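Inspection log for the structure reproduced underneath, given as structure tokens.
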Protein chains: 2
Amino acid sequence: MTEHDKPTTPFPSFVNAQEVADRAGVSRSAVSRAFTPGASIAHETRVKVMEAAEQLGYEVNDLARGLLARRSQLVGLIVTEPEQGFRAHLVSALTRSLIQRGRLPVVLNTGRRAEEIAAAQKLLVGYRAEATIVLSGSPPSSVVELARRNGQPLILIGRSEAGADHIRSRNRDAATQAAELFHKAGFTRLGLASSTSGTPSVVEREEAFVAAALGYGITVSIARGDNTDYAGGRMAATAMLAQAAPQAVFCINDLIAFGFIDRMRECGIAVPLDISVIGFDDIPEASWAAYDLTTFRQDPEVLAAQAMALLEHRLAHPHAPPETIEITAPLVLRGSVRTA
Amino acid sequence: MTEHDKPTTPFPSFVNAQEVADRAGVSRSAVSRAFTPGASIAHETRVKVMEAAEQLGYEVNDLARGLLARRSQLVGLIVTEPEQGFRAHLVSALTRSLIQRGRLPVVLNTGRRAEEIAAAQKLLVGYRAEATIVLSGSPPSSVVELARRNGQPLILIGRSEAGADHIRSRNRDAATQAAELFHKAGFTRLGLASSTSGTPSVVEREEAFVAAALGYGITVSIARGDNTDYAGGRMAATAMLAQAAPQAVFCINDLIAFGFIDRMRECGIAVPLDISVIGFDDIPEASWAAYDLTTFRQDPEVLAAQAMALLEHRLAHPHAPPETIEITAPLVLRGSVRTA
DNA sequence: CGATGCATTGCACAGCTGTGCAAGGAGACC
DNA sequence: GGTCTCCTTGCACAGCTGTGCAATGCATCG
């Protein structure tokens with residue numbers, strides 16, 4: 001047992017306003033006013049306070065300030081697998097935007113199960129987060145009820161749910177466009193690579209692609225992997241090879257597209273010579289030379305900016321009716337689709 | 001102007017302990033005790049309180065609780081470009097670990113400039129974060145001073161700085177091993193692909209590789225791109241093609257390796273037939289068939305677990321001497337190095 | 001010089017909780 | 001039945017801040 005083992009105070013040396021006041025020879029109120037822009041305080045008093053604060057290393061306790069003002073500045077992000085593909089970029093854009101607006105993003109990296117998401121949400125209620133943003137693929141519908149009960153603004157991204165604000169890409173438009181592109185290129189045997197763990201966004205893309213193809217008199221052969229990732233793409237490719245030989249395939253995800261392409265190439269099937277591929281998301285890897293993937297762009301910065309707008313609006317007008325913001329995912333033409 | 005535009009209370013409907021107490025017909029203390037495990041309270045009283053709390057949707061205000069206990073449970077993560085390669089996985093592992101331990105990870109996604117990092121750190125001091133974890137490539141040395149001044153535990157990852165705990169991979173060992181592997185394979189013309197924005201970890205890998213090669217009597221040709229990413233790898237490849245024709249190249253990063261490989265292939269140079277490549281990080285893309293990259297594994301889960309251990313230790317013993325944890329990055333053999 | 005106005009300051013309260021302390025009540029034991 | 005003990009409960013304070021309100025002091029004007 002050395003001297004290091006003795007217990008110490010939890011906040012070792014955080015200074016409070018009273019100590020600054022004592023040192024500056026003023027009241028504690030004066031310290032508070034010195035740190036409040038526009039407050040009624042003499043210039044020289046403020047200078048005295050600031051000097052004392054500087055010497056002691058005082059920083060206003062935002063927790064206490066938030067408790068009083070009833071504004072914690074905390075915003076929760078509930079997300080599953082934040083390291084995966086597009087989500088990583090979305091989380092990055094959201095955290096950056098929130099910080100720029102003076103809020104603190106709390107990233108609740110949680111499993112996909114309903115109980116885990118509910119637990120994360122309760123945690124955020126306990127910490128009086130001012131809003132919750134849910135990126136998780138398919139949150140349970142109970143999130144809306146729990147948020148409403150606590151009067152906590154809730155923003156869903158990529159998932160609509162009655163009674164909550166949400167932001168979504170025009171998945172159906174993009175998928176329809178993919179089918180149209182394939183049709184115009186003269187392909188008659190189309191495929192769809194997806195996963196069994198379908199989130200609402202994924203389902204929209206699937207349905208719209210199949211419907212649009214049907215409009216051209218084409219029945220789409222569908223193959224699925226387990227997850228919406230690289231391994232899932234490989235599984236889907238294997239499954240599709242066993243059942244059909246499409247000329248062009250719409251992958252509901254860039255990651256799936258990469259796995260799909262790699263698996264095809266292993267079987268000696270060249271992209272785009274033997275098979276054309278379109279993805280979705282336009283994550284940076286899509287532009288890598290190894291894939292050069294034609295895909296639909298989801299711009300994380302745009303989504304984040306819209307989320308901020310929605311957030312500000314909701315905080316200003318808590319009882320305004322829920323809003324839906326739709327974002328167009330433009331086609332990015334690259335080399336994975338055979339032309340002419 | 002509709003009725004929605006009227007201003008409302010900032011926290012719309014958060015219930016406090018007093019309201020629960022009133023409803024349950026007990027004192028506010030009883031409510032507090034009902035929610036404190038092991039507190040002195042009659043079973044039936046606790047039941048009454050819990051029922052009232054359930055009906056009102058009460059959740060303990062952890063902010064106020066933290067203010068009193070002087071434990072905010074907030075832990076700050078200062079990170080630049082959290083969506084990039086290995087960092088995305090590290091952030092994911094850290095956030096998950098922190099949540100599992102009941103802490104709230106606040107992700108401060110900030111620029112790389114010293115002022116931005118200092119601002120983020122001050123923000124965390126203001127919110128009385130219990131600790132700060134810095135993943136940013138090369139934080140200014142002032143972070144240590146600022147943390148010390150406020151008695152805030154500081155954990156650096158991938159960057160050593162006197163007076164702070166830190167976790168690092170054995171970069172030198174790995175780089176030395178890379179040189180050894182190339183030497184044993186019989187390569188005599190070696191290259192190093194790096195970037196000009198060298199973080200301390202990167203510098204270690206560079207130096208050790210060059211030194212080890214020199215030990216075999218080999219002078220390494222070095223090429224650099226701007227950043228440690230895919231584009232940087234392409235730039236390095238272009239630069240290297242103009243100056244030398246190495247048989248084997250150590251890329252200080254998987255992302256750089258991918259860009260390097262793609263650029264080489266565009267020039268008709270096959271991997272591993274014409275050139276062998278080793279990367280660093282072993283992010284999932286390294287195992288993709290398109291690259292099949294031999295690389296050194298950094299396990300984000302291991303790093304996160306060590307960070308948690310360091311954190312707990314530091315919180316328990318604020319004045320213990322700074323610790324360094326070194327983690328071995330094992331070689332993962334794949335197909336990007338030519339054998340025999 | 002007296003009165004009025006304004007800028008500034010300090011007091012006290014509010015925001016929400018955990019807990020030491022004393023008091024109350026009930027049960028047990030003689 | 002009386003007394004002692006223990007369990008339970010409420011009071012009050014602490015933790016840290018922002019701000020309305022009243023008071024103070026100074027300057028200005030008549």
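For segment A:31-175, the convex hull drawn through the C-alpha positions has a volume of 153 cubic angstrom per residue. Interface size, chains B and A: roughly 6600 Å² of accessible area buried, both sides included, 1.4 Å probe, rounded to the nearest 100. Only beta bridges with both residues in chain A are counted; by DSSP, about 5 percent of them are antiparallel. Relative to the dominant Cα principal axis of chain A, helix A:171-184 is inclined by about 30°.
Springs join every pair of Cα atoms under 10 Å in this Gaussian network model of chain B, and among B:L241, B:L154, B:L67 the largest mean-square fluctuation is at B:L67. Excluding ligands, DNA and RNA, the accessible surface per residue across segment A:171-298 is 35 Å² with a 1.4 Å probe. Just so you know, the Rg over Rh for chain B is 1.14, from Cα atoms, with Rh as the Kirkwood radius.
Springs join every pair of Cα atoms under 10 Å in this Gaussian network model of chain A, and among A:V75, A:V106, A:V249 the largest mean-square fluctuation is at A:V106. Taking the label point 7 Å along Cα→Cβ, A:T339 and its counterparts in the other copies are spaced 4.3 nm apart, in ascending order.
Residue by residue along A:175-186, Cβ atoms of other protein chains within 10 Å of the local Cβ number 0 on average. With label points set 7 Å from Cα along Cα→Cβ, the inter-copy distances at B:G25 are 5.9 nm, sorted shortest first.
Which angle from 0 to 90°, rounded to the nearest 10, does the C-alpha axis of helix B:254-266 make with the longest principal axis of chain B? Relative to chain B, helix B:254-266 is tipped by roughly 40 degrees.
Taking all Cα-Cα distances within segment B:171-298, those exceeding 17 Å account for 49%. Mean partner shielding of peptide B:72-83, defined as the number of other chain Cβ atoms within 10 Å of each residue Cβ, is 4.
Efficiency by 1/(1 + (r/R0)^6): what FRET value for A:H317 and B:A309, r their Cβ-Cβ distance, R0 = 45 Å, to the nearest 0.05? The calculated FRET efficiency here is 0.45. Residues of segment B:99-131 buried by at least 30 Å² of accessible area upon assembly of all protein chains, compared with the chain on its own (1.4 Å probe): B:I99, B:L104, B:P105, B:V106, B:V107, B:N109, B:K122, B:L123, B:G126, B:Y127, B:R128.
Using only Cα coordinates, the Kirkwood hydrodynamic radius of segment B:95-216 works out to 16.6 Å. Cβ-Cβ distance of A:R28 and B:M50, R₀ of 41 Å, FRET efficiency by 1/(1 + (r/R0)^6): the value works out to about 0.60.
Rg ratio for the protein assembly as shown: its Cα radius of gyration over 2.2 N^0.38 Å, N being its residue count, equals 1.06. Taking every DSSP beta bridge that has both ends in the protein assembly as shown, the antiparallel portion is near 5%.
Largest GNM mean-square fluctuation across A:Q306, A:Q152, A:Q84, computed for chain A with C-alpha springs under 10 Å, falls on A:Q84.
Counting 0.36 nm for each residue step from A:S141 to A:L333 and taking away their Cα separation leaves a gain of 65.5 nm. Only aspartates and glutamates eight or more places from A:K122 in sequence, or on another chain, were considered; those with a Cα closer than 14 Å are A:E130, A:E145, B:E54, B:E59, B:D62. Copy-to-copy label distances for B:A245, where each label lies 7 Å from Cα along Cα-to-Cβ, are 4.1 nm in order of increasing length.
Round to the nearest 10 and give me the degree value, 0 to 90, for the angle of helix B:114-126's Cα axis relative to the longest principal axis of chain B. Approximately 20 degrees, to the nearest ten.
The values are calculated or read from the model by the stated rules, or taken from the named source; none is laboratory data. All values derive from a computational prediction rather than experimental measurement. Note: ideal-geometry Cβ built from the backbone for every residue, glycine included; neighbour counts use all protein chains shown. When the accessible area is computed, the model is the full protein with side chains, heavy atoms only, and any ligands, DNA or RNA have been set aside. Shrake-Rupley method; radii C 1.70, N 1.55, O 1.52, S 1.80 Å.
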